[in-house]
1. Which cross-chain or sequence-distant (5 or more) residues have an amide H under 5 Å from the amide H of Leu3, H modelled 1.01 Å from N in plane?
2. Each residue of region 53-59 in order: what ³J(HN,Hα) in whole Hz does its phi give by Karplus 6.51 cos²θ - 1.76 cosθ + 1.60, θ = phi - 60°, with x for Gly and Pro?
3. What is the set of long-range amide H partners of Tyr31 at a cut-off below 5 Å, with H atoms built 1.01 Å from backbone N?
4. Hey, what did the chain get for relative contact order, percent, Cα under 8 Å, at least 6 apart?
5. For the chain, what's the radius of gyration and Dmax over Cα atoms, in angstrom?
6. Quick check for you: with a 1.4 Å probe and neighbouring chains kept, what is the accessible area per residue of the chain, in Å²?
7. If I compute solvent accessible area with a 1.4 Å probe over the protein chains, what percent of it on the chain is carbon and sulfur?
8. Can you tally the net charge around Gly43? Count Lys and Arg as +1, Asp and Glu as -1, for every other residue whose Cβ sits under 13 Å from the Cβ of Gly43.
Amino acid sequence: MALKILDTCINCDMCDPECPNEAIYMGDEIYEIDADKCTECVGHYEKPQCVIACPIDCIKPDPNHVESEEDLLVKCYEMHGIPQG
């Protein structure tokens, strides 16, 4: 499942540099997460780094983008050109 940033975001810039997939970007008003790039850090870290870095706990699972851990790992490998097999 991809993550999403809630509208309570204060634009503190803590999450953006933590994302290994460059899925976080500045939207019109707050930071947003590109669901096509978000793997919840599967393939990189044990826990989502943006969630750990967020000082106000405004990054939550996005129920509109549900994926299994296996799907997230495949997405990670494809984005980073890691051979699967």
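1. Glu40, Asp62
2. With the stated coefficients, region 53-59 comes to 6, 5, x, 10, 6, 10, 10 Hz.
3. Under 5 Å from the amide H of Tyr31 lie the amide H atoms of Asn11, each far enough along the sequence or on another chain.
4. Numbers: 130 pairs, mean separation 32.3, N = 85.
That works out to 38 percent.
5. For the chain, the Cα-based Rg and Dmax read 12.4, 42 Å.
6. Numbers: 5400 Å² over 85 residues.
Dividing the accessible area of the chain by its residue count gives 64 Å².
7. On the way: 2570 of 5400 Å².
It is 48 percent, rounded to a whole number.
8. Values: positive: Lys37, Lys47, Lys75; negative: Glu40, Glu46, Glu67, Glu69, Glu70, Asp71, Glu78.
With Lys, Arg at +1 and Asp, Glu at -1, the net is -4.
The values are calculated or read from the model by the stated rules, or taken from the named source; none is laboratory data. Note that the structure is predicted; figures quoted are calculated from it, not measured. Here Cβ is always computed from backbone atoms with ideal geometry, including for glycine, and neighbour counts include all displayed protein chains. Ligands, DNA and RNA are stripped out before the accessible areas are found, and what is left, the full protein with its side chains, is counted by its heavy atoms. Shrake-Rupley method; radii C 1.70, N 1.55, O 1.52, S 1.80 Å.
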